[in-house]
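Remarks on the structure that follows.
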Amino acid sequence: MLDHPGILRADPPTDCEFGPVLFLRAEPDSQRLDQFMQLSGQELAVDHRLAVLRQIADTIRYAHSKHVVHRSLSPQSIYVRKQPDSTLAVQICNWQTSARLMGSTTTEGTRVSASLHAEQLIEDVSLAYLAPEALTGGADGGYAQDIFSLGAIAYLLFTGKPPAASQAELQEKLRATSGLDIKESLDGAVEALVDLVQFSANGDVSLRDDIDQFLARLDLVEEQLTHPEVDSINPLRASVGCQLENGFKVIRLLGKGATAVALLVERQGHTSVLKVARSVDFNARIKREFELLKRLNWPQIVSATELYEFGELHGFTMESAGDVTLAQPRSVLSAAPGSDRTPTGPEPKLFVPLYYGRGLAACGGLAEPLG
């Protein structure tokens, strides 16, 4: 006997004038998954979609551990109930179509107790969620049948649409692509979700995942959907708070020159100045400036740290010279090498090198060639 929170219990069958009647112990406010998706599917948050699919898969894993295959898993055999804390609880019913398999490692086995044909006991709309082999041949059924249904249910949960309008349409899709392609109904589907559906709802039994592989793929789906890679902004179009490639976050825009832009950035808790070429034509100049700064060793000249690529653009980081600028009344210039000038204020480091080829002029925190 199966005993799991995800399995909807049923009372023993009772005879009536129409035949045996099965009473399910469903909560009054629970809904079948197909009805739930019709009413609430559009507003359903991603984490709730993931939670529903994971509960279904966990219950099927439990059943498989007991060598039981459901064989007719579909939205019509799944009940969903909203909990007081707004989470969703899922239970699976219609186990009267199940089969008990001998052994625990094979995908096919000897049926001990099962209905002869699953389609005899389920609604027609459920057929679009059944594996092709569930409707052909004898009564035996393997674990792979439930995996197919899990993939088809995942298709519904993330697109709001059934994988096909009928078994005939499903068969046609599988002949064309082998596995269901969720991208046909979900633009921008993450790669992990595409793979999860394709390698579960696959017409070729040998290509289907087992339940542990399905759950492992579901972990990847959850990671990609709930912790997506941050879209990187082009440094030339960056604003405060933007995330750049290489893990940089923009703190402040420092200025723009003819050849480069300068940004105050933070990475792994460290603040620095990032200078990026304004076009690929200036990449070589940025690289030469970086190499020059690496060679210079002067207390009043900032030091370069690392060279980076941002798509096709090159850039490098250097230590920040602070907030004092040349526009302030109090002079902040330190004496250049060989100069007899006496500084009139504190000696912060210059933001850019004073000497580069025939010379550089500092403007807005950027270095531009002279002459």
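Observations on the structure shown:
- In the set GLY311, GLY269, GLY255, GLY315, only one residue is outside the structural domain of LEU50 (by TED's automatic domain parsing) and without any contact (Cβ under 8 Å) to a residue 40 or more places away in the chain; that residue is GLY269.
- Output for the stretch 50-74, where each listed residue is assigned to a helix (DSSP H, G or I), surrounded by 19 or more Cβ atoms within 10 Å (Cβ to Cβ) and of a type in the set (Gly, Ala, Ser): ALA57, ALA63
- Checklist (1) of a type in the set (A, V, I, L, M); (2) within 30 Å of VAL250 (Cα to Cα); (3) touching a Leu at 6+ places or on another chain (Cβ under 7 Å) applied to LEU236, failing item: (3)
- Number of residues in the stretch 97-131 that are buried (at least 18 other Cβ atoms within 10 Å of the Cβ), modelled with pLDDT of 50 or more and over 13 Å from TYR143 (Cβ atoms): the value is 7.
- Among the helices (runs of 4 or more DSSP H) confined to the stretch 166-237, the ones with at least 1 residues that are in contact with a Lys or Arg (Cβ under 6 Å, 6 or more places away or on another chain) and outside the structural domain of TYR308 (by TED's automatic domain parsing) are located at 191-198, 211-226.
- Taken over the stretch 57-72, the criterion of being under 18 Å from ALA10 (Cα atoms) and within 26 Å of the chain's Cα centre (by Cα) is satisfied by THR59, ILE60.
- Residues located in the stretch 1-49, provided they are modelled with pLDDT of 80 or more, among the hydrophobic types (A, V, I, L, M, F, W, C) and assigned to a loop (DSSP other than H, G, I, E, B): LEU2, LEU8, LEU44, ALA45
- Verdict on GLU266 being charged (D, E, K, R) and closer than 30 Å to ARG49 by Cβ: no
- Filter result for ASP146 (of a type in the set (Asp, Glu) and touching a helix residue (DSSP H, G or I) at 6+ places or on another chain (Cβ under 7 Å)): yes
- The stretch 211-231, subset surrounded by fewer than 17 Cβ atoms within 10 Å (Cβ to Cβ) and in contact (Cβ under 8 Å) with a residue 24 or more places away in the chain, residue farthest from ASP146 (Cα to Cα): PRO228
The values are calculated or read from the model by the stated rules, or taken from the named source; none is laboratory data. Predicted model, so just to flag it, every value in this text is computed and none were measured. Neighbour counts run over all protein chains shown; Cβ positions are idealised from the backbone, glycine included.
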